[in-house]
Amino acid sequence: MNIHQYTKPLIIALCAAKRAGEVILEVYNSDFAVEHKEDASPLTLADKRSHEIIVSELKQPMATNTPLFPILSEEGKDIPYDERKKWEYFWLVDPLDGTKEFIKRNGEFTVNIALIQKDRPVLGCIYIPVQDCFYFAAVNFGAYKLVNSKYVTNDLSIKKLLDVSQKLPSAIHARESGSYDNPGAMRKHPSLTIVGSRSHATQELSDFVAKIKETCGEIEFISAGSSLKFCLVAEGKADIYPRFGPTMEWDTAAGQAIVEQAQGAVVDIHTKGPLTYNKNTLVNPFFLVRAQCLPSLQIESLL
């Protein structure tokens, strides 16, 4: 696909996320019940309704002679690898990322929709229903933020979309500070910002933050739920998001597309390469999200 071929999938992903967000907020503002899956993770009516809406939206024809893409979703994940590995393109969806945050009613939950080509995310859309805010990106297109879903309609043109959206640089505040102008050395920086999981703190994360403090001096640590952490790095409100805890492919794909198109990186801590997708097991390795302006070798040497 070239960038023009991503236009229609991007609009469809935005519309699907918007509609899913609407039904999620209906449940959020009600007296909803909480179930539990076999792995003890929580499940609500919002997860189920969002999944149904997104699948319905993504099954719409995108253009004449354009095939429909398969869909792999957290709420519909039992597709054998022997079938999945033949896919050239597919949608990877988390209908409600941050169910724990949804249950806590803190607003830090998202809808994640990504388009994967073989093993790489090439398009990503994250919608934050409580904020009515989208982050989206596609290869060779850039990363953007859009506030106010009124603009998102099925007949939205790509020109109008760009006119009402804000292009995202990666970690603009770190770049403006001048502290990382020399890529060969990590200088002490009093405002290096690390974002971490609100509900999944680990000892490995604490150890890594301690190493960063030793190397960089004073830091700021902020907590956030769901894929908001990717958005914070893409927008320049955080410099690093280290994840030393379990995640699944649908948790990260949309965020990775957005961070990478904002010139950041999502790095497998074992291979030091980007996270890959459509693996036999859908569990991610531990990873690090970092801004493009940070000296990668210095940061990754601390893993």
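Yes or no: Lys150 of a type in the set (Lys, Arg) and part of a strand (DSSP E or B)? The answer is no for Lys150.
Regarding the stretch 73-86, can at least one residue be identified that is buried (at least 16 other Cβ atoms within 10 Å of the Cβ), not basic (Lys, Arg) and not in a loop (DSSP other than H, G, I, E, B)? There is at least one residue in the stretch 73-86 that is buried (at least 16 other Cβ atoms within 10 Å of the Cβ), not basic (Lys, Arg) and not in a loop (DSSP other than H, G, I, E, B).
What are the residues in the stretch 211-232 that are open to solvent by 10 Å² or more (accessible area, probe 1.4 Å) and either among the small types (Gly, Ala, Ser) or within 15 Å of Gln131 (Cβ to Cβ) (or both), if any?
Gly217, Ser223, Ser226, Leu228, Leu232
Would you check if Gly107 is farther than 26 Å from Thr281 by Cβ, surrounded by 15 or more Cβ atoms within 10 Å (Cβ to Cβ) and at pLDDT 90 or above? Spelling it out, Gly107 is indeed farther than 26 Å from Thr281 by Cβ, surrounded by 15 or more Cβ atoms within 10 Å (Cβ to Cβ) and at pLDDT 90 or above.
The values are calculated or read from the model by the stated rules, or taken from the named source; none is laboratory data. Please read these numbers as outputs of a predicted model, since none were measured by experiment. All Cβ positions, even for glycine, are placed from backbone atoms using ideal geometry, and neighbour counts span all protein chains on display. Accessible surface areas use protein heavy atoms only, side chains included; no ligands, DNA or RNA. Shrake-Rupley method; radii C 1.70, N 1.55, O 1.52, S 1.80 Å.
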